[in-house]
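Engineer: After the structure tokens below, expect a handful of questions from me.
The values are calculated or read from the model by the stated rules, or taken from the named source; none is laboratory data. Quick caveat: nothing in here was measured; it's all calculated off a predicted structure. Backbone-built Cβ (ideal geometry, glycine too); neighbour counts: all protein chains shown. Only protein heavy atoms, including side chains, enter the accessible area calculation; ligands, DNA and RNA are left aside. Shrake-Rupley method; radii C 1.70, N 1.55, O 1.52, S 1.80 Å.
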Amino acid sequence: MGLVEPTQGNISINTPDGEELTVSDSTRRFCTYVPQTMDVFTQTIAENLRIVKPEASDDELWQVLETAELKEFVCALPEGLETTVNQSGNNFSQGQLQRLSIARALLRNSEIFIMDEATSALDIETEEKVLSNIMEEN
């Protein structure tokens, strides 16, 4: 992601149009980083997702939630996408927050998707489904 410069050699990426770029802060726009713990805001699920793509339609939100294996959970909530995420996300489990983070990253639709233990709170079956869904989408 260009946060640390290598002490030897260089790191480069190829853009979608074939240009080779040395990784730096200017190439960060090609990356989406999904950490183990997610920053959430005291807003609705939809607003937490739309942080990365304000113009996203509800259909797009449902699609990324489905890919992240969170659609069924959100559908079962009385307010669905309009359910408020409490401060620090304490009304969701860690696994649900991780899947919300993955959905947000998928909505951003970057060329490079970096996951740092982003599924550590998921059971093995759910983790396999989420990762399989991501691979099928890309």
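Engineer: Of all residues in region 79-121, which are open to solvent by 50 Å² or more (accessible area, probe 1.4 Å), at pLDDT 90 or above, under 14 Å from Thr37 (Cβ atoms) and charged (D, E, K, R)?
Structural biologist: Selection gives nothing.
Engineer: Can you tell me which residue among Asn109, Asn91, Asn86 is closer than 28 Å to Pro16 by Cα and of a type outside the set (A, V, I, L, M, F, W, C)?
Structural biologist: Exactly one residue qualifies, and that residue is Asn109.
Engineer: Here is a further query. Test of understanding: among Glu136, Glu60, Glu127, Glu66, which residue is of a type in the set (D, E, K, R) and surrounded by fewer than 15 Cβ atoms within 10 Å (Cβ to Cβ)? Talk me through it step by step, then tell me what you get.
Structural biologist: Details: Glu60 fails: surrounded by fewer than 15 Cβ atoms within 10 Å (Cβ to Cβ); Glu127 fails: surrounded by fewer than 15 Cβ atoms within 10 Å (Cβ to Cβ); Glu66 fails: surrounded by fewer than 15 Cβ atoms within 10 Å (Cβ to Cβ).
Going through Glu136, Glu60, Glu127, Glu66 in turn, the sole match is Glu136.
Engineer: Take the residues of region 31-52 that are at pLDDT below 80 and either within 19 Å of Phe73 (Cβ to Cβ) or aromatic (Phe, Trp, Tyr) (or both): which is least open to solvent (accessible area, probe 1.4 Å)?
Structural biologist: Among those that are at pLDDT below 80 and either within 19 Å of Phe73 (Cβ to Cβ) or aromatic (Phe, Trp, Tyr) (or both), it is Met38.
Engineer: Looking only at residues that are in a loop (DSSP other than H, G, I, E, B) and at pLDDT 80 or above in region 14-30, which one is least open to solvent (accessible area, probe 1.4 Å)?
Structural biologist: Here is the first cut: in region 14-30, the ones in a loop (DSSP other than H, G, I, E, B) are 15-19, 23-24.
Subset that is at pLDDT 80 or above: 17-19, 23.
Numbers: Asp17: 124, Gly18: 58, Glu19: 97, Val23: 37 Å².
Among residues in region 14-30 that are in a loop (DSSP other than H, G, I, E, B) and at pLDDT 80 or above, the one least open to solvent (accessible area, probe 1.4 Å) is Val23.
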